[in-house]
Amino acid sequence: MKFKLPFILSILAMFGGVFIAIIFGANESYFKNKINDGLAKNVKIQSIQIESQKLEKIKSEAEKNWRYYQRYHFHATGIGSMSLALLIVLGFIKASKKQLLLSAYMISVGGFLYPFVWLFAAIYGPEMGRDQAKEAFAIFGYMGGVFLVGILFTLYLAITKPFKAPLDYV
């Protein structure tokens, strides 16, 4: 299972990204209503005294929070796909199992968890404030760094270790 889990996480990331896209298509208004409901509870926005400024701020924040949902979709599908491709590349590298597992787990765990910073910022950002939501879920953002280190380690292994069949032409 420890060799399968990175593949499962990569596929789950892609699933999450595609699944939310299907939900967008089926009921985009659900997300936009959720954003507007959260903005109506945002103390900082609701304290704006000039109605035109308040409405402009709500409109601006609604657009930015909607974009965060989209970022989850883009990052989950894209990074999930990259993760799967990198895991396949690791299968061709002659390195120790520890090295291959370390790289596979950094790629898959980091790649799976990173997009959640955008999803949670989208869910909680309207009421909390976007910056506060991103800070509250920063651990997921840091997973992007774990993913990047996994990519760099894979690159290191690909450069320094030989490849094994079926890539005999390498």
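The values are calculated or read from the model by the stated rules, or taken from the named source; none is laboratory data. Remember, predicted model here, so these are calculated numbers, not experimental data. For neighbour counting, all protein chains shown are included, and Cβ atoms are generated from backbone atoms with ideal geometry for every residue, glycine included.
Scanning the stretch 23-44 for residues being of a type in the set (Val, Ile, Thr) and either at pLDDT below 90 or loosely packed, with under 11 Cβ neighbours inside 10 Å (or both) gives a total of 1. For the stretch 73-88, the set of residues classified as free of Cβ contacts under 8 Å to residues at least 40 places away in the same chain and either β-branched (Val, Ile, Thr) or surrounded by 22 or more Cβ atoms within 10 Å (Cβ to Cβ) (or both) consists of 88 only. Can residue 117 be described as in contact (Cβ under 8 Å) with a residue 24 or more places away in the chain, in contact with a Lys or Arg (Cβ under 8 Å, 6 or more places away or on another chain) and closer than 20 Å to residue 12 by Cβ? Taking the combined requirement at face value, the residue satisfies it. The numbered conditions (1) more than 23 Å from residue 15 (Cβ to Cβ); (2) part of a helix (DSSP H, G or I); (3) touching a residue at least 60 places away in the same chain (Cβ under 8 Å) are all true for residue 153 except (3).
Filtered by the rule that a residue be within 26 Å of the chain's Cα centre (by Cα), closer than 19 Å to residue 131 by Cβ and part of a helix (DSSP H, G or I), the stretch 35-63 gives 35, 38, 39, 58, 59, 60, 61, 62, 63. If the condition is being assigned to a loop (DSSP other than H, G, I, E, B) and either over 22 Å from residue 142 (Cα atoms) or in contact (Cβ under 8 Å) with a residue 60 or more places away in the chain (or both), then the stretch 89-114 contributes 91, 92, 94, 95, 96.
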